[in-house]
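To start, the structure itself, in structure tokens.
What follows draws every value from the coordinates through simple rules; no lab data is involved. Just so it is clear, the structure is predicted and the values come from calculations on it, not from any experiment. Neighbour counts run over all protein chains shown; Cβ positions are idealised from the backbone, glycine included.
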Amino acid sequence: MLKITNTDKAPAAIGPYSQAISYGNLLFTSGQIPLDPVSGDVVGSDVTAQAEQVLKNLGAVLAANNIDFSKVIKTTCFLADMGDFAAFNKVYEKYFVSKPARSCVAVKQLPRGVLCEIEAVAALE
């Protein structure tokens, strides 16, 4: 059975999708970008500040499912500029101490002109 996540602790979806969907013992999150959950405004002007907000938002989606970063199995990270890779990693490693599998790619553009986005797959048990 599919269960949709909807928490006001993370930004509402800015399109026709859910913050996350669980199926069985897995949670699939939508990509989180650095939006303030209350105002909807982009937080931060550099990749460090934006990555912090992205991970706060992702943490809120995980918490809404009674799990934390230690349950994340796989992430996919999107950067607007691969030159931000090292700075992004410094923030990322603070949250993902369990070192889940990861893909990280540079893309031409991200929603709202942000610098980074992260989606995740996590275990619910």
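Within the stretch 92-125, take every residue that is in a loop (DSSP other than H, G, I, E, B) and without any contact (Cβ under 8 Å) to a residue 60 or more places away in the chain and give me the one that is nearest to ILE21 (Cα to Cα).
PRO100
For the subset of the stretch 71-88 comprising residues that are over 14 Å from the mean Cα position of the chain (by Cα), part of a helix (DSSP H, G or I) and not charged (D, E, K, R), which member is surrounded by the fewest Cβ atoms within 10 Å (Cβ to Cβ)?
ALA86
Every residue, every condition in (1) under 18 Å from ALA122 (Cβ atoms); (2) in contact with an Asp or Glu (Cβ under 9 Å, 6 or more places away or on another chain); (3) of a type in the set (Phe, Trp, Tyr), yes or no:
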{"residue": "TYR17", "(1), (2), (3)": "yes, no, yes"}
{"residue": "SER22", "(1), (2), (3)": "yes, no, no"}
{"residue": "THR29", "(1), (2), (3)": "yes, yes, no"}
{"residue": "ASP41", "(1), (2), (3)": "no, no, no"}
{"residue": "GLY44", "(1), (2), (3)": "no, yes, no"}
{"residue": "VAL47", "(1), (2), (3)": "no, yes, no"}
{"residue": "GLY59", "(1), (2), (3)": "yes, yes, no"}
{"residue": "LEU62", "(1), (2), (3)": "yes, yes, no"}
{"residue": "VAL72", "(1), (2), (3)": "yes, no, no"}
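Residue pairs, Cβ under 6 Å, 6 or more apart or interchain, first in the stretch 78-91 and in contact (Cβ under 8 Å) with a residue 40 or more places away in the chain and among the small types (Gly, Ala, Ser), second assigned to a helix (DSSP H, G or I) and surrounded by 14 or more Cβ atoms within 10 Å (Cβ to Cβ). List them.
ALA87/VAL47; ALA87/THR48
I need a count of the residues in the stretch 1-15 that are within 21 Å of LEU124 (Cα to Cα), touching a helix residue (DSSP H, G or I) at 6+ places or on another chain (Cβ under 8 Å) and exposed (fewer than 15 other Cβ atoms within 10 Å of the Cβ). Please lay out each step first, then the result.
Within the stretch 1-15, the first condition is being within 21 Å of LEU124 (Cα to Cα), and the residues that meet it are 1-10.
Add one more test, that the residue is touching a helix residue (DSSP H, G or I) at 6+ places or on another chain (Cβ under 8 Å), and what stays is 5, 7, 9-10.
From what is left, the residues that are exposed (fewer than 15 other Cβ atoms within 10 Å of the Cβ) are 9.
Qualifying residue count, the stretch 1-15: 1.
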